[in-house]
Amino acid sequence: MLSLPALTEHVGPGLVVVLGPMLEPVRALAAGRPDVAEQLLAPWRALFGEALRLECRVQRPSGPGSLRLAARTLLLTDRMGVTAVVTHAVRYADPGQYRLADVLDAARLLRPIPFGRPPS
């Protein structure tokens, strides 16, 4: 994750900047402050213009990656004239890897492995 000042020297053709849910503008949305989010997004929009994207990630019920935050982010992109990129948490590249992903998730979350479920 790079800061705005760190990216200023790389502005130019071919660069697309995607701001995710952990950066300040989207964190302000998560805190219920769309006004602050607009203020924090303005310098990014001024610097990168059409090359700026905001990630609307849906992967969990609450917090960064929640459907509610993704919807708020989408509304912000509409108000600010920024392109939205809708994403989700990719867990594996090949459908056959779902069992391994389940084992890793179970270990990370300290939960039982969900046996018998079809691949998602």
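A few comments on the model shown:
- What the Cβ-Cβ distance of LEU74 and LEU15 gives, at R0 = 30 Å and to the nearest 0.05, is a FRET efficiency of 0.85.
- VAL36-ASP105 FRET efficiency (beta carbon distance; Förster radius 41 Å; 0.05 resolution): 0.75
- Assigned charges on the beta-carbon of Lys, Arg, Asp, Glu; the stretch 14-89 dipole about Cα centre (debye): 240 debye
- Placing pseudo-labels 7 Å out from each Cα toward the beta carbon at VAL85 and LEU47 gives an inter-label distance of 1.6 nm.
- Rh (Kirkwood; distinct C-alpha pairs) - the stretch 8-102, Å: 14.2 Å
- Mean residue ellipticity (222 nm) of the chain, computed from DSSP H runs ≥ 4 via -39,500 (n - 2.57), nearest 500: -13000 deg cm²/dmol
FYI, it's all coordinate maths here, none of it is from the lab. This one's a predicted model, so the numbers in the text were calculated from it and none came from an experiment. Positions of Cβ are generated from backbone atoms using ideal geometry, with glycine treated the same way; all protein chains shown enter the neighbour counts.
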